[in-house]
Amino acid sequence: MNYYILRGRFNIGSDSSLEAVNLVDYHIHTYLCGHAIGKPVDYVKAALSANLIEVGISDHLSLSLPEDSIPLDKLQLYIDMVEEVKHLYEDRIKVRLGFEVEYSCNNIESIAGILGSIDELDYTLLSIHKIDGWVINSSKSRDRYMGIDLYKLYEEYFDLVCEAASLKLFQVVAHIDLPKIFGFKPREDMKPLYEDVARRLAKAGVCVEVNTSGLRKPVAEVYPAREFLEVLRRYNVPVTLGSDAHKPEDVAYRFDDAIDIISKAGYRHISVFERRRRVDIPIF
C-alpha cells in the first residue's frame, strides 16, 4: 500500500510537535443509519480537508437495535455509495468500507452471514450499546447508573466485548469503555480488570480504536481511558483512530488529543485495514 504523509506542524502539546503525521478516521456514519447526516462523499471531502490519508465509512449494522441501523434493504445502496467514492477519490485518499456491528449472541449467526457475503468489506467495528435490554449510552437511561454496582457493570460489559472479540468476526473494538459515557466510574481499582481485558484482546488478535467522541460527552475524555490505553500498549494490542462522526464536520474531531494520548502511552504505529487484513503504519 502507498500512503500520503501530512506535511507541516501538528502540535500535540506545549512541549512537543510532529513534523509529519499519518492520520486516519475509521469510525464514520451516514444518513442511512437514521441518526446521522451526510453521504459518504461528504465525509470523504471532510477527510480531505483534514489531511487524512485514509477514511473508513462504518455505518451501523444492528439486528438488536434496528431503529439505529442501516435497513437491511439499504445495505447494497450503502456499499455501492462507498465503492463509488472509493474509486472517485482513489488518487487522493484511501476510502475503506466498514460497518459498526452491534454484538448480540442472539443473532450473531445472522450477522456473520451478512458480513461473510460482502466481498468488498475492509473492516468491522465491534460495538456494544445494549446490556440486558438497557441501552447504556441513551440519555433516557442515565439515571439507571445511580445506585448500581458500577464495577459489576463494567465487568459484564468487558466480558461481552471479549466474548465477541474471540469470534474472529471483528477487526476493531469501538469505544471500548463506553459505560463511562455519563461520567459514572467504579471507585475500585480498575487496573486488574484492564489487565484481564488486554490479555484477552491480545489473544483474540483484535485492534482497539482510540475514539474521540467521548470528548463530546459528559465524561469528557477519549475512549479508552489513558490508564487503560497504557495497559493495552503493554500487551501489544494495536490501535487505530475514530471520531464516531455523525456529521461531516466531526471528521477527525480533536485528533490532536488522540495523537497526544497515543504517543504518551508508547504507541508509534496505528492500524489500517484492507479486505479485513491489518497493516500497521507509523504515526509519524
Could you list which residues have their amide H under 5 Å from that of residue 59, counting only those 5 or more apart in sequence or on another chain, with H placed in the peptide plane?
98, 100
Relative contact order %, region 48-177, counting alpha carbon pairs below 8 Å whose residues are six or more apart:
24
Cα gyration tensor category, rounded, prolate or oblate, for region 170-217 with a/c compared to 1.5:
oblate
Region 157-206: which trypsin sites (Lys or Arg not before Pro) are DSSP loop and have at most 15 other beta-carbon atoms within 10 angstrom?
168, 187
Restricting to region 6-282, what percent of DSSP beta bridges are antiparallel, rounded to 5?
35
Which of 56, 113, 242 ends up with the largest GNM mean-square fluctuation for the chain, with Cα atoms connected below 10 Å?
113
Distance cut-off 25 Å, percentage of C-alpha pairs in the chain lying past it
43
Using Cα pairs under 8 angstrom and six or more residues apart, how large is the relative contact order of region 6-282, in percent?
20
Please return the longest range in the chain lying between exposed loop sites, taking GluC sites (Glu not before Pro), DSSP loop only, at most 15 other beta-carbon atoms within 10 Å, and leaving the sites out.
189-284
Could you work out how much longer the chain between residue 76 and residue 163 gets when fully extended? Use 0.36 nm per residue separation minus the Cα distance between them, nm to one decimal.
28.4 nm
Rounded to the nearest 0.05, what FRET efficiency do residue 65 and residue 120 have when you use their Cβ-Cβ distance and R0 = 22 Å?
0.40
Rg/Rh ratio calculated on Cα atoms of region 36-128 (Kirkwood radius)
0.98
Going by the alpha-carbon gyration tensor, a ≥ b ≥ c the square roots of its eigenvalues, is region 213-284 rounded (a/c under 1.5) or, if a/c is not under 1.5, prolate (a/b greater than b/c) versus oblate?
oblate
Which distance in Å, rounded to a whole number, links the C-alpha centroids of region 135-153 and region 225-284?
27
Computed [θ] at 222 nm, deg cm²/dmol, the chain (DSSP H ≥ 4; -39,500 (n - 2.57); rounded to nearest 500)
-9000 deg cm²/dmol
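Laboratory data are not the source of any read-out in this text; all were calculated from the coordinates shown. Keep in mind that this is a model prediction, so the values were computed, not measured. Neighbour counts run over all protein chains shown; Cβ positions are idealised from the backbone, glycine included.
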